[in-house]
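Working notes, beginning with the structure itself.
The values are calculated or read from the model by the stated rules, or taken from the named source; none is laboratory data. These numbers come from a predicted model, not from an experiment. A quick note on method: Cβ atoms are made from the backbone with ideal geometry, for glycine too, and the neighbour counts reach across all protein chains shown.
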C-alpha cells in the first residue's frame, strides 16, 4: 500500500496549476517571445561582465506585462464562467 500512496503523490505533483499552463501557452505567442528574447539577451550581457551597473529590470517588466496581458482574460474567463452557471 505505501507504493500506491507514493504513485498518487507523484501524479499530483505532475499536474500543472492552471495558471502555469496558461502562462506557458502565452509565453509561446509572438509578443511574449520577443520580450523574452530581449530579457535573455540582457541577462546574457549582464552575466558576461564582471563589473556592470546594468540590470534587466525593464526587460523583465516588459516580459511579465506582455505575458500577464495574455494570461488575464484566459484566467478570469475560466474563473467567472463556473460562477455564472450557479
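Okay, here's what the table says:
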{"read-out": "Any hit, region 26-46, residues being assigned to a helix (DSSP H, G or I), in contact (Cβ under 8 Å) with a residue 40 or more places away in the chain and within 12 Å of the chain's Cα centre (by Cα)", "value": "yes"}
{"read-out": "Residue in region 49-84 that is modelled with the lowest pLDDT, counting only those that are farther than 19 Å from residue 31 by Cβ and in contact with a helix residue (DSSP H, G or I) (Cβ under 8 Å, 6 or more places away or on another chain)", "value": "78"}
{"read-out": "Top-ranked residue of region 2-25 - restricted to ones that are within 15 Å of the chain's Cα centre (by Cα) and not in a helix (DSSP H, G or I), ranked as modelled with the lowest pLDDT", "value": "16"}
{"read-out": "Filtered residue count, region 47-67, keeping only those that are surrounded by 16 or more Cβ atoms within 10 Å (Cβ to Cβ) and not in a helix (DSSP H, G or I)", "value": "1"}
